[in-house]
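Engineer: Once you've had a glance at the structure underneath, I'll fire off some questions.
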Amino acid sequence: MAETATVKKQSRRATKIGRVVSTKMAKTIVVEVGMRKSHTLYRRVISKAKKFYAHDENNTAHVGDYVEIEETRPTSRLKRWRLKNILQRAKLVAGEGTPAQPAG
């Protein structure tokens with residue numbers, strides 16, 4: 001008899017890790033992915049950032065969270081990524097959720 005082993009299939013889809021910078025759209029998050037690269041001529045390290053629109057079905061991600069996004073078929077004109085999982089939640093800053101009180 002042949003044994004059937006449960007092997008988890010590795011996905012060939014590209015994944016990126018970045019920080020959520022906007023959640024103002026319905027079921028959509030904007031993820032900023034930072035990249036550090038050495039300049040070809042001057043050998044200095046250059047930091048660049050690119051924003052990706054990702055589909056968040058349940059609106060679970062918040063601004064400041066570090067998330068992993070996965071490449072997928074086009075969902076809309078700009079969305080080609082979807083939220084895979086949330087790696088680290090944003091720390092809540094005291095007084096961030098309340099409006100500022102006028103001085104005096």
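Engineer: LYS51 - would you say it is closer than 25 Å to LYS91 by Cβ, part of a loop (DSSP other than H, G, I, E, B), modelled with pLDDT of 95 or more and among the charged types (D, E, K, R)?
Structural biologist: No, not satisfied.
Engineer: Inspect all residues belonging to region 4-22 and state whether any of them is of a type in the set (Ser, Thr, Tyr) and either surrounded by 11 or more Cβ atoms within 10 Å (Cβ to Cβ) or at pLDDT 95 or above (or both).
Structural biologist: Yes; the residues of region 4-22 include at least one that is of a type in the set (Ser, Thr, Tyr) and either surrounded by 11 or more Cβ atoms within 10 Å (Cβ to Cβ) or at pLDDT 95 or above (or both).
Engineer: While we're looking at this one, here's another question. If I filter region 61-87 down to residues being open to solvent by 90 Å² or more (accessible area, probe 1.4 Å) and free of Cβ contacts under 8 Å to residues at least 24 places away in the same chain, which single residue comes out as nearest to GLN10 (Cα to Cα)?
Structural biologist: Out of the qualifying residues, it is ARG73.
Engineer: Being β-branched (Val, Ile, Thr), out of contact with any Phe, Trp or Tyr (no Cβ under 8 Å at 6 or more places or on another chain) and assigned to a strand (DSSP E or B) is true for just one of VAL21, VAL33. Which residue is that?
Structural biologist: VAL21
The values are calculated or read from the model by the stated rules, or taken from the named source; none is laboratory data. Fair warning: this is a prediction, and the values are worked out from it, not measured in the lab. We place every Cβ from the backbone using ideal geometry, glycine too, and count neighbours over all the protein chains shown. Calculation scope for accessible area: heavy atoms of the full protein, side chains included, ligands and nucleic acids excluded. Shrake-Rupley method; radii C 1.70, N 1.55, O 1.52, S 1.80 Å.
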